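Q: Right, I'll just put the structure down here and ask away after.
Any read-out appearing in this document is the output of simple, stated calculations on the displayed coordinates, not a laboratory observation. Owing to the predicted nature of the structure, the values given are computational and were not obtained by experimental measurement. So basically every Cβ, Gly included, is an ideal-geometry build from the backbone, and we count neighbours across all protein chains shown.
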Amino acid sequence: MRVSGLLRLLSLISVLVVSWFFVRSYISSNMINVRLPRWIGSVHKESPIVVKTKCGLSKSCSANFFAFKISSGAANVVGPSMCFEGQTIMSPVKNNVGRGLNIALVNGTKGTVLRHGSFDMYSGDPNLLVKFLKEIPDGTLVLVASYDDPGTKMNDEIRKLLSNLGSSYAKQLGFRDSWVFLGAKGLKSKSPFEEFLKNSPDTNKYDGWPELLELEGCVPQKVY
Ligand SMILES: *[C@@H]1O[C@H](CO)[C@@H](O)[C@H](O)[C@H]1NC(C)=O
């Protein structure tokens, strides 16, 4: 009696174990068919060595060129950012940007940051910007990003100083326009590094502001 009871118990256990394996392999084979391959596949697609470029540029720059990336602010919500040779000079995370015009100065030969500033063009004193622009030494690269409103306090003197750095759009910069620019003091021609979007109710991406702009590229050491 005891032996047959033990046998019955053993057969019950083996039935349970076999069904468990059956159910488990059924589930896992379904998972393998449905989920794992896609997951593994995507890992395989992304794993080929990712070349990390300075400032996250799509292509790295040749020798004797500096990598840069400038983003304007998004409406009056997200501040602008500027990266030069892999170094973030100004950004919301660094907490050194402000509404208006954000400007960073870089030595055009060495690529070192000289100074940076943020100028409130809605309610600030435009003479602070005039002074800042007039003191830029020759051969300096000038990176500019707008945020919210770069235009209200804009005046002819500032437009002229910015145009002299190689800007084509400083002449028409106005209320809540988006603008990103890289120029240089002593540049004899117009800079190829500039993007501009006019604030216009018909084309604005945000309610009251045009889309943010991103500008990236490789600037030769000494552009002048
Ligand atoms: C920029 O760097 C060069 C080379 O080191 C130096 O001669 C020049 O004085 C620097 N310019 C400024 C404005 O710092």
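Q: To the nearest 0.05, what FRET efficiency results for residue 78 and residue 107 with a Förster distance of 30 Å applied to their C-beta separation?
A: 0.55
Q: Could you tell me which of the pairs 52/134; 54/153; 69/171; 153/188; 160/205; 160/198 are separated by over 31 angstrom between their Cα atoms in the structure shown?
A: Values: 52/134 37 Å; 54/153 35 Å; 69/171 23 Å; 153/188 27 Å; 160/205 29 Å; 160/198 19 Å.
Flagged as over cut-off: 52/134; 54/153.
Q: Could you tell me which of rounded, prolate or oblate describes the range 126-187, using a ≥ b ≥ c as the square roots of the eigenvalues of the alpha-carbon gyration tensor, with rounded for a/c under 1.5 and, failing that, prolate when a/b is larger than b/c and oblate otherwise?
A: prolate
Q: Another one. Collect residues whose amide H, placed 1.01 Å from N in the peptide plane, falls under 5 Å from the amide H of residue 152; neighbours closer than 5 in sequence don't count.
A: 176
Q: Just how large is the dipole of the range 99-224 about the Cα centre, in debye to the nearest 20, putting +1 at every Lys and Arg Cβ and -1 at every Asp and Glu Cβ?
A: Details: 16 positive and 16 negative charges, 122 e Å.
Around 580 debye, computed over the range 99-224.
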